[in-house]
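These notes are about the structure you will find just below.
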Amino acid sequence: MKVALDVSAVPPRLAGAGRYVAELARRLPAHGIQSTLVTRRDDAGRWARWSPASTLAPIVPERRVARLVFEAWRLGTSEPARRADVWHAPHYTMPHRGSTPTVVTIHDLTFFTNPEWHERSKVAFFRRAINYSAEHAKVLISVSDFTARQLDEFVPRHAPVVVAPHGVDLERFTTDSSGDEQLFRTHGLATGVPYVFFLGTVEPRKGLDVLLEAFAELASSDSSLELWLAGQAGWGLNEFDETLARHPASSRIRRLGYVDEEVLPALLRQARVVAYPSRGEGFGLPVLEALACGAPVVTSRDTVMAEVAGDAASLVTVGDSAQLAKGLLQCCAMSPDRRDQHSKAARERAERFTWDASLAQHLVAYTLARSGE
């Protein structure tokens, strides 16, 4: 089967949806797929290194607005699209012209459920895009059962849905901490410092305001504990920056920014606890990566993160800083034996999610789209 995968929206620094697309692109050729990666004109080099067995089509404009217009009106009739058996649009949007059967990935429905979590211009655009894709795609891929249920609720007239949960690289995210101290030194990180760790884009829906409130309580009870925040800047940062500046323990809060992939597993493993108090996601990949490293995790109840973590994480009410503080304190206070037990359970949970299993579901979606049934 010939599949054209649009990777043109993936930023240089992989996270979340970008990580998903990259892992998919890397694995398609090994599963018998003749894959063409449709890239931005200036971005073919990294995809050639990432997926050397794929064919490259560097035809998409670099600028975002031009890229979206090109996708809507020209990409679907391009040579890569005409040659493909299936076109995969992995980020909500799809071409408006062309006859190639199209599969579209829907990550979440937060543009419908919680528009205040996004920039206003994006809400209007992605609502239209999701409605269009739901009606015109041959198959939709949902990254979780949680998102699939929300599709039924908010976009009830939609194409068939195949659920394909994300995976985790179990060879990179491991419980083996033997080289962590050296990795910390190489990347200029302090060793032997107890810290709470957050990983994710810094934006309003991630619950960082709640985490800062909770850390104020933790910091007052443990004078050595720090809060380390990893992840690239998103939007709506003014309020966060102001809250951080007046935080009573601001000197013990470290903003690491986007961290190198090499050291990320070590940061997860060495944390006293990983906090992911997001108000809502399509999947919540940092939770799965933390579990694969055997880390204690506290995340949000009644969200997709609870679906991913099962019994392997502590769940707290969204927006409740007191509950979050209590959950974090309990994890920090784990005895070595209890921590070892938890690490094994967390790893076992993570092993249920692999990128190969995710890819198998994508092949189901491609076959369904190609058949036209």
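Could you look through region 79-113, keep only residues that are among the small types (Gly, Ala, Ser) and without any contact (Cβ under 8 Å) to a residue 40 or more places away in the chain, and pick out the one that is surrounded by the most Cβ atoms within 10 Å (Cβ to Cβ)? Reasoning before the result, please.
From region 79-113, those among the small types (Gly, Ala, Ser) are 81, 84, 89, 98-99; that's our starting set.
Those left that are additionally without any contact (Cβ under 8 Å) to a residue 40 or more places away in the chain: 98-99.
Details: Gly98: 18, Ser99: 10.
Among residues in region 79-113 that are among the small types (Gly, Ala, Ser) and without any contact (Cβ under 8 Å) to a residue 40 or more places away in the chain, the one surrounded by the most Cβ atoms within 10 Å (Cβ to Cβ) is Gly98.
Which residue pairs have Cβ atoms closer than 7 Å, lie 6 or more positions apart in sequence or on different chains, and pair a first residue in region 10-22 that is under 16 Å from Arg40 (Cα atoms) with a second residue that is at pLDDT 85 or above and assigned to a helix (DSSP H, G or I)?
Val10/Gly18; Val10/Val21; Val10/Ala22; Pro11/Gly18; Leu14/Ala22; Ala22/Trp50
Scan region 45-66 for residues that are among the small types (Gly, Ala, Ser), farther than 18 Å from Glu23 by Cβ and surrounded by 17 or more Cβ atoms within 10 Å (Cβ to Cβ) and report the count. Don't jump to the end; show me each part of the working.
Taking region 45-66 as the starting set, the residues that turn out to be among the small types (Gly, Ala, Ser) are 45, 48, 51, 53-54, 57, 66.
Pick out the ones that are also farther than 18 Å from Glu23 by Cβ and you get 45, 57, 66.
If we keep only those that are surrounded by 17 or more Cβ atoms within 10 Å (Cβ to Cβ) too, we end up with 57.
Of the residues in region 45-66, 1 are among the small types (Gly, Ala, Ser), farther than 18 Å from Glu23 by Cβ and surrounded by 17 or more Cβ atoms within 10 Å (Cβ to Cβ).
Out of Leu267, Leu218, which single residue is of a type outside the set (Lys, Arg), under 19 Å from Gly294 (Cα atoms), surrounded by 20 or more Cβ atoms within 10 Å (Cβ to Cβ) and in contact (Cβ under 8 Å) with a residue 60 or more places away in the chain? Walk me through it before giving the result.
Details: Leu218 fails: under 19 Å from Gly294 (Cα atoms).
Going through Leu267, Leu218 in turn, just one is of a type outside the set (Lys, Arg), under 19 Å from Gly294 (Cα atoms), surrounded by 20 or more Cβ atoms within 10 Å (Cβ to Cβ) and in contact (Cβ under 8 Å) with a residue 60 or more places away in the chain: Leu267.
Can you name every residue in region 110-121 that is within 16 Å of Glu281 (Cβ to Cβ) and either modelled with pLDDT of 95 or more or outside any loop (DSSP other than H, G, I, E, B) (or both)?
Thr110, Phe111, Phe112, Thr113, Pro115, Glu116, Trp117
What are the residues in region 42-77 that are free of Cβ contacts under 8 Å to residues at least 24 places away in the same chain, in a loop (DSSP other than H, G, I, E, B) and closer than 25 Å to Ser121 by Cβ, if any?
Asp42, Pro61, Glu62, Arg63, Arg74, listed by residue number.
Among Glu239, Glu181, Glu262, which is without any contact (Cβ under 8 Å) to a residue 12 or more places away in the chain and out of contact with any helix residue (DSSP H, G or I) (no Cβ under 6 Å at 6 or more places or on another chain)?
Values: Glu239 fails: without any contact (Cβ under 8 Å) to a residue 12 or more places away in the chain; Glu262 fails: without any contact (Cβ under 8 Å) to a residue 12 or more places away in the chain.
Matching residue, one of Glu239, Glu181, Glu262: Glu181.
Suppose the filter is assigned by TED's automatic domain parsing to the domain that holds Leu225 and farther than 23 Å from Asp340 by Cα; does Gly310 pass it? Break it down stepwise before answering.
Details: assigned by TED's automatic domain parsing to the domain that holds Leu225: yes; farther than 23 Å from Asp340 by Cα: no.
No.
Give me a count of the residues in region 1-35 that are in contact with a Lys or Arg (Cβ under 7 Å, 6 or more places away or on another chain) and farther than 26 Å from Gln232 by Cβ.
Number satisfying all stated conditions: 3.
Could you tell me whether any residue of region 124-141 is in contact with an Asp or Glu (Cβ under 7 Å, 6 or more places away or on another chain) and modelled with pLDDT under 95?
Residues of region 124-141 in contact with an Asp or Glu (Cβ under 7 Å, 6 or more places away or on another chain): none.
The answer is no, given that none of the residues of region 124-141 is in contact with an Asp or Glu (Cβ under 7 Å, 6 or more places away or on another chain) and modelled with pLDDT under 95.
Return the residues of region 318-337 that are part of a helix (DSSP H, G or I) and either in contact (Cβ under 8 Å) with a residue 12 or more places away in the chain or surrounded by fewer than 13 Cβ atoms within 10 Å (Cβ to Cβ) (or both); say none if nothing qualifies. Full working, then the answer.
Just the residues of region 318-337 that are part of a helix (DSSP H, G or I), to begin with: 321-332, 336-337.
Within region 318-337, Ser321, Ala322, Leu324, Ala325, Gly327, Leu328, Leu329, Gln330, Cys331, Cys332, Pro336, Asp337 qualify.
Quick one: how many residues across region 66-97 are within 23 Å of the chain's Cα centre (by Cα), more than 22 Å from Lys2 (Cβ to Cβ) and among the hydrophobic types (A, V, I, L, M, F, W, C)?
Total meeting the criteria: 1.
Which of the numbered conditions does Pro265 fail, given that it passes all the others? Conditions: (1) within 30 Å of Gly188 (Cβ to Cβ); (2) under 19 Å from the mean Cα position of the chain (by Cα); (3) in a loop (DSSP other than H, G, I, E, B).
(3)
May I ask you to say which residue of Ala295, Ala290 is at pLDDT 95 or above and within 14 Å of the chain's Cα centre (by Cα)? First the steps, then the outcome.
On the way: Ala295 fails: within 14 Å of the chain's Cα centre (by Cα).
It is Ala290.
Can we say Leu315 is of a type in the set (A, V, I, L, M), outside the structural domain of Gln150 (by TED's automatic domain parsing), more than 12 Å from Phe197 (Cα to Cα) and part of a strand (DSSP E or B)?
On the way: of a type in the set (A, V, I, L, M): yes; outside the structural domain of Gln150 (by TED's automatic domain parsing): yes; more than 12 Å from Phe197 (Cα to Cα): yes; part of a strand (DSSP E or B): yes.
So Leu315 passes the test.
Can you pull out the residues in region 32-41 that are in contact with an Asp or Glu (Cβ under 8 Å, 6 or more places away or on another chain) and touching a residue at least 40 places away in the same chain (Cβ under 8 Å)?
Selection gives Val38 alone.
For region 160-174, does any single residue satisfy the condition of being over 25 Å from Ala22 (Cα atoms) and of a type in the set (Asp, Glu)? Working first, answer last.
So the first thing to find is which residues in region 160-174 are over 25 Å from Ala22 (Cα atoms), and the list is none.
There is no residue in region 160-174 that is over 25 Å from Ala22 (Cα atoms) and of a type in the set (Asp, Glu).
Please go through region 346-363 and pick out each residue that is surrounded by 15 or more Cβ atoms within 10 Å (Cβ to Cβ) and aliphatic (A, V, I, L, M).
Ala346, Ala350, Leu359, Leu363
The values are calculated or read from the model by the stated rules, or taken from the named source; none is laboratory data. Predicted model, so just to flag it, every value in this text is computed and none were measured. No Cβ is skipped: glycine too gets one built from the backbone with ideal geometry, and neighbour counts run over all protein chains shown.
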